[in-house]
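The values are calculated or read from the model by the stated rules, or taken from the named source; none is laboratory data. Just so it is clear, the model here is predicted, and its values are computed rather than measured. Note that each Cβ is placed from the backbone with ideal geometry, even for glycine, and that neighbours are counted across all protein chains shown. Ligands, DNA and RNA are excluded from the accessible area calculation, which covers all protein heavy atoms including side chains. Shrake-Rupley method; radii C 1.70, N 1.55, O 1.52, S 1.80 Å.
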There are 2 protein chains.
Amino acid sequence: MAGNGGASDGSEVGVDQPAGASPWTYNSPTKPEAGTQETTPLVHKVNIPPNNGLVHDVTGPIKEIFFHDESLRQFQNQTAGKRAFLLLKYAVPILDWLPRYNPRLFPSDLVAGLTIASLAVPQDLGYAKLAGLPSVYGLYSSFVPPLIYAALGSSRHIAIGPVAVVSILLGTLLKNEIPDTNDPNYLRLAFTANFFAGVVQAAVGFIRLGFVIYFLSHATIVGFMAGAAITIGLQQLKGLLGITTFTTKTGIVPVLRSVFTETKQWNWQTIVIGVCFLIFLLITKQIGKRWKKLFWVSAIAPLFSVIVSTVIVSQARLDKDGVATVGHIHKGINPRSAHQLFFSGHYLAAGAKIGIVTAFIALTEGIAIGRTFATLKDYRLDGNKEILSFGLMNIIGSLTSCYTTTGSFSRSAVNFASGAETALSNIIMSLVVMVVLLALTPLFKYTPNCILSAIIIAAVTGLIDVKAAYHIWKVDKVDFLALLGAFFGVFFVSVEIGLLIAVCISALKIIVHVIAPHTAVLGKIPGTNIYRNVLQYPDATRIPGILLVRIDAAIYFANTNYIVERLKRYVSREKEYSSTGPNGVPLQYVILELSPVMSIDSTAVGGLEDILGILKRQNIQLALANPGSEVLKRLKNSGFIEHLGQEWIFLTAGEGTQVCSQLLGKNSN
Amino acid sequence: MAGNGGASDGSEVGVDQPAGASPWTYNSPTKPEAGTQETTPLVHKVNIPPNNGLVHDVTGPIKEIFFHDESLRQFQNQTAGKRAFLLLKYAVPILDWLPRYNPRLFPSDLVAGLTIASLAVPQDLGYAKLAGLPSVYGLYSSFVPPLIYAALGSSRHIAIGPVAVVSILLGTLLKNEIPDTNDPNYLRLAFTANFFAGVVQAAVGFIRLGFVIYFLSHATIVGFMAGAAITIGLQQLKGLLGITTFTTKTGIVPVLRSVFTETKQWNWQTIVIGVCFLIFLLITKQIGKRWKKLFWVSAIAPLFSVIVSTVIVSQARLDKDGVATVGHIHKGINPRSAHQLFFSGHYLAAGAKIGIVTAFIALTEGIAIGRTFATLKDYRLDGNKEILSFGLMNIIGSLTSCYTTTGSFSRSAVNFASGAETALSNIIMSLVVMVVLLALTPLFKYTPNCILSAIIIAAVTGLIDVKAAYHIWKVDKVDFLALLGAFFGVFFVSVEIGLLIAVCISALKIIVHVIAPHTAVLGKIPGTNIYRNVLQYPDATRIPGILLVRIDAAIYFANTNYIVERLKRYVSREKEYSSTGPNGVPLQYVILELSPVMSIDSTAVGGLEDILGILKRQNIQLALANPGSEVLKRLKNSGFIEHLGQEWIFLTAGEGTQVCSQLLGKNSN
């Protein structure tokens, strides 16, 4: 990027420049140094890109953003009928893969489906509690949404259902509106929020705005997830210790105060069962991690714990000793809930607000998972299509007593590890949940809550990604601070505040990139023809009287003012330096190295005009080195080049410097 | 930016790379082509920038954004006492300049002050009506705010007072809340909005967030201003034709319908007076434009028109023939209005909302003007300090019966042209307005409204910048469409919708820059060692089996996914092309030219790891050309370079291509 040997990208200069039009043509005595390509003419032929026409100028960037994955490419060059058929298969992928399903894949899908079901059922019971909902709603949410996703989604490995982070976030937000979880409006608001989450997701996917989910930086997500995991874990102390009156806040301080002020409520039987099984679960989890082939041990450990603990409690009737159990769960599949949605009044706005927030968090988790496995197995995933599927899944979920679901980290990993080949594993899991709902719910009557708490704690430990955090620390300290910000926000205050911090940090980082592009004063590395940032290369020498500045970004309205101010500052610093320095040569030339400037807009042209004017009034000559052809075209159209004088546009920073220094010598003689 | 002659910025490669560590050291047979610097060693010594430490890593970008103008530089290296004194002078510049005011400047300032006063008084009467307020509030707003600004502001040429665009925007927003302008709450809401506008401005300035005003692109501002000017002009048809019942909407359709359905209300005396003086005003305006020395003609023409028309109406008693006049104006300076602000209830939120919107529009106009004159006269203007001054001025204004004020285009230009040297001209204008308020208001009793309308029409023609629009059209078609969007939004719908369109277009443009950086597949220009975008240079030849891609932006979390997807698409296209092409060489090497990539964050490192993994699974070797030292440092810390293999990092794209093509030859033999 720095100005350097003659050939450096310089061929874009020289538009319509008649040979010999200026005293500094490229065949001047500067040749030996500027010309580095012995076999090449010094002024290369310039290709000014053809005018693409107005329509292309406008649609180009839009296409880049909305269809950069070329999701519609398959529809090109097809007849109308074929196109409709392709469109249907695109919209409902199950129509594509199910008819040509290879029966030999079935055993893998069956095993995977059964495995994730064994993991899902106990998790669902607990996650629903995190959201402040009765356990059965977790099961409902693992029945309908996976079926919808299996029909519409294109990931082959994602496992759909309630997830911990969305559950706690939803719970926190719902309790802000309705503190009493037994209030029937609480459940209705949960459905309403899910409905709006689905609508928002479907809309984002449909109008292909999916890129918005990348506006949350990875580092803040890692921090937020870790904070949320610890928060969720702390919440489980309620169940694990058998405490009945517990704070509704999620910060660490109120939770620990709750735990230690209510020591009388601690129930030793509950603690013994909970802690034993927690240890068991954590050990099996480690086994699954160490020996990849034994992943199934960690996958079925939760179900095993549920069964064993339920048998213990029911046989010893420990529920009479104060061990809280799940209790009666209503039998039967999802009841309809369309009539329970709020479509007016105060809760409409509240539901919409909660829906929007949870929609994006759910997408952030779900899309990241889908993409991970698609990358691992090399299949294409159309992000916007996936988001649309998530949206439809949640809309239908909200009509069938489900709360917000997405792709789950832990279950998708198990699904993948169990060898799932298609979305059929989701259907099988869904059918197992249906069987549970139809026939097996009475079996959970004596399942102790502490087991669910242990299962959740074991599950959320997976969200604490110490390795990623360490990696971020090593690579990028600023990112690590962002991570800590989100983490401590969740940890000490609440899930929402942590999220807000994550969003603000991410936005700030984007703003830094947008508004304050990198610029550098360049000097020449001794003995070379390379120009480098003098801050980075203190050896680099500068020629008194000449200021060479490189701008490292496309210039447009959002950063033009910054760049102009920055240049003004460089110039005033340089003037101070020149006048006080031992050389005493006043600043006479400012050369802008524009190699990295790939495009400019009308505001940027105005900014360059401003700089030209400011410098002219100070009797300083501006020169440009190596502007790109697109940039040059615009500068020409705007008349800037006429104001500047074509002779002040140089092939390279090196040539510009040389010509200016020769002139300096002449002037001073 | 393109890969090119050996010396191209390549010296950043080779970190800890032992000589001869790979089969492709830079002393290989590739030398003759790669080496373009005869006098230079091929592998330059690399300066990995020193670790700046955590604090600098974090504060650096923040300082760049908030203090890039080095506004606090003067406070460095000073004693505490001196620093406090400097701070006071910084906060209240009048303490700095007034004591050392050069009396010889006084005549200039006096003339300028009187000239802008003669322009301000008639404008104020009309602008207040635009905002739906009684005329006297325009005068109030030209008395207190200019005094405050003169004390706090640092621009020497800006003229403060009500302006047309803010007035109509405020009027539109206020009428949305309270349609009846005679409702006493209307006035109170105007003060409340002004208070919040001031608070928002002061806050933005104080926490140095001033850069937000650059998030509205110049093109959309030009379009918005032109649309607003026409809207304002159309509104004046009411006064100019003497219509009494007029639509409250501002779109062109309802206004013209109002005009032509109420032809019976047209008053010929009004029309004759109005049109004659409008022609007079427009001619004097042209005179002022053509002959710069006669600018005073256009400056005093409004006052002249007011005086002459008032005399005509009062002598001929045309008011009895239906010529509407200003009528009685309350005598006396600004009454207090602190007690009238809404600090609770519904209007609090409405006032805050209106305040925020008008605050930013007022800043956009005011700061642009201040900056223009500062640039012309080469003095420094601390944007955030100015914004803070505007904020304090409007807060105090809201307590003294003023509505939102800012720097006015037309009056500042007159101020500048009349030779104003300091903010004293604002004080003089303010004193003139005070005299008018104290003694001269009865003189306006017979001033016909149509004169005020004519004055406003003549004033707002200056907001229609056809030249700028044509310039934008020539330079940047996309920007021109943005301009049209904002223009037609105002023109056909309303000022707010136009503004909303301007904001959305600007945001979209930023998003395009943020999320979809430019990338290009490079080919070699025949006969050179220059690598260029093959789309731009169709001559450029590519080597089958090798894909060379340049990424033209810093990579960070917001664009990582786009870049990864884009690369995946290039690779899959290339694979199709390679397998079907006549050459039939499968893709084996992907070289990323990273010269323009000045920085990467942890997400970007993850993205590169993803690409590495995807390519590895397809048996394609990744190579990097010319990564910057900061980038290299992070890639090294993250372990990426270890995964990639140091031998796959090349000095330049040219070298990388050559090494890969040699290997291709070996593999195929």
Report summary line: Once amide hydrogens are built 1.01 Å from N within the peptide plane, the residues lying 5 or more places from residue A:548 or on another chain with amide H under 5 Å from its amide H are A:522, A:591
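Cα gyration tensor of the range B:214-254, axes a ≥ b ≥ c as square roots of the eigenvalues: rounded (a/c below 1.5), prolate (a/b > b/c) or oblate? Numbers along the way, then the final one.
On the way: a/c = 4.10, a/b = 2.90, b/c = 1.41.
It comes out prolate by the Cα gyration axes.
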Report task. Count neighbours as other Cβ atoms within 10 Å of each site's Cβ, and list the chymotrypsin sites (Phe, Trp or Tyr not before Pro) in the range B:337-393 that are DSSP loop with at most 14 such neighbours. Result -> B:343, B:379
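Using the crude model of +1 on Lys and Arg Cβ and -1 on Asp and Glu Cβ, and no other charge, please compute the dipole size for the range B:105-493 relative to its Cα centre, in debye to 20.
Computed about the Cα centre, the dipole is about 420 debye.
Using the alpha carbon gyration tensor of the range B:105-493, what are the three equivalent-ellipsoid semi-axes (square root of 5 times each eigenvalue), largest first, in whole Å? Each step should come with its number before you reach the end.
Details: eigenvalues 160, 114, 111 Å².
Semi-axes, largest first: 28, 24, 24 Å.
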Query - Rounded if a/c under 1.5, otherwise prolate or oblate - chain B, Cα gyration tensor axes - result: prolate
Query - Charge sum, other residues only, whose C-beta stays under 13 Å from residue B:449's C-beta, Lys/Arg counted +1 and Asp/Glu -1 - result: +2
Requested in this report: Starting from a label point 7 Å past Cα on the Cβ side, list the distances from residue B:88 to the same position in the other copies, nm, shortest first.
Outcome: 8.4
Query raised in the report: With every protein chain left in place, what is the accessible area per residue of the range B:105-493 in square angstrom, probe 1.4 Å?
Result: 37
Query raised in the report: Among all the lysines, which ones have a C-alpha under 18 Å from residue A:89's C-alpha, if same-chain residues fewer than 8 places away are not counted?
Result: A:385
Query raised in the report: In degrees, nearest 10, range 0 to 90: what is the angle between the Cα axis of helix B:383-399 and the longest Cα principal axis of chain B?
Result: 30
**Report entry** DSSP beta bridge pairing in the protein assembly as shown, given as percent antiparallel to the nearest 5
**Finding:** 45
Query raised in the report: Based on the Cβ-Cβ distance of residue B:106 and residue A:573, what FRET efficiency does E = 1/(1 + (r/R0)^6) give at R0 = 41 Å, to the nearest 0.05?
Result: 0.70
**Report entry** Amide H partners (placed H, <5 Å) of residue A:406, local residues excluded
**Finding:** A:161, A:163
Report task. List the distances, in nm to one decimal, from the label point of residue A:507 to the label points of the same position in every other copy, shortest first, placing each label point 7 Å from Cα along the Cα-to-Cβ direction. Result -> 1.0
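Rounded to the nearest 100 Å², what is the sum over both chains of accessible area buried where A meets B, with a probe of 1.4 Å?
So the buried area, both faces added, is about 8900 Å².
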Requested in this report: Report, for residue B:576, each distance to the same residue's label point in the other copies, shortest first and in nm; define the point 7 Å along Cα→Cβ.
Outcome: 5.8
Report task. Starting at the first residue of the range A:308-324, write each ³J(HN,Hα) from the Karplus equation 6.51 cos²θ - 1.76 cosθ + 1.60 with θ = phi - 60°, in whole Hz, x for Gly and Pro. Result -> 4, 5, 4, 4, 4, 5, 5, 6, 8, 6, 5, 4, 6, 8, x, 7, 5
Query raised in the report: Considering only Cα-Cα distances, which of the following residue pairs are longer than 25 Å: B:477/B:575; B:238/B:445; A:293/B:636; A:293/A:331?
Result: B:477/B:575; A:293/B:636; A:293/A:331
Query raised in the report: What residues have an amide H closer than 5 Å to that of residue A:650, excluding those fewer than 5 places away on the same chain, when H is modeled at 1.01 Å from N in the peptide plane?
Result: A:624, A:625, A:626
Query raised in the report: On a 0 to 90 degree scale, rounded to 10, what angle separates helix A:164-177 from the longest Cα axis of chain A?
Result: 80
Query raised in the report: residue B:488 versus residue A:276, label points 7 Å from Cα toward the beta carbon: distance in nm?
Result: 7.5
Requested in this report: Measure out, as a whole number of angstrom, how far apart the alpha-carbon centroids of the range B:114-166 and the range B:386-414 sit.
Outcome: 8
Report summary line: Residues from the range B:595-622 losing no less than 30 square angstrom of accessible surface in the full protein assembly compared with the chain alone, 1.4 angstrom probe, ligands and nucleic acids excluded, are B:598, B:601, B:602, B:603, B:617
Report summary line: Percent of all Cα-Cα pairs per 10 Å bin for the protein assembly as shown, counting from 0 up to the last occupied bin, reads 2, 8, 14, 18, 17, 16, 13, 8, 3, 1, 0
Query raised in the report: Does the range A:262-379 come out rounded, prolate or oblate, given a ≥ b ≥ c as the square roots of the eigenvalues of its C-alpha gyration tensor, rounded meaning a/c under 1.5 and, failing that, prolate meaning a/b above b/c?
Result: oblate
Requested in this report: Give the range of the longest stretch in chain B that excludes all trypsin sites (Lys or Arg not before Pro) found in loop regions by DSSP and having at most 11 other beta-carbon atoms within 10 Å.
Outcome: B:337-669
Query raised in the report: With θ set to phi - 60° and the Karplus curve 6.51 cos²θ - 1.76 cosθ + 1.60, what are the ³J(HN,Hα) couplings of the range A:333-347 in order, to the nearest whole Hz, using x for Gly and Pro?
Result: 7, 3, x, 5, 9, 4, 6, 8, 5, 7, 10, 7, x, 4, 6
Query raised in the report: Share of chain A's accessible area from carbon and sulfur, percent, 1.4 Å?
Result: 64
**Report entry** Nearest-0.05 FRET efficiency for residue B:507 and residue A:431, computed from C-beta distance (R0 45 Å)
**Finding:** 0.45
Requested in this report: Relative to the longest principal axis of the C-alpha atoms of chain B, give the angle of the C-alpha long axis of helix B:653-668, reported between 0 and 90° and rounded to the nearest 10°.
Outcome: 40
Report task. With a probe of 1.4 Å, find how much accessible area the range A:544-643 has per residue, and write the answer as a whole number in Å². Result -> 30
Query raised in the report: So what are the ³J(HN,Hα) numbers for the range A:594-605, from phi and the Karplus equation (6.51, -1.76, 1.60; θ = phi - 60°), rounded to whole Hz, Gly and Pro as x?
Result: 9, 3, x, 7, 7, 7, 9, 10, 5, 5, 5, 4
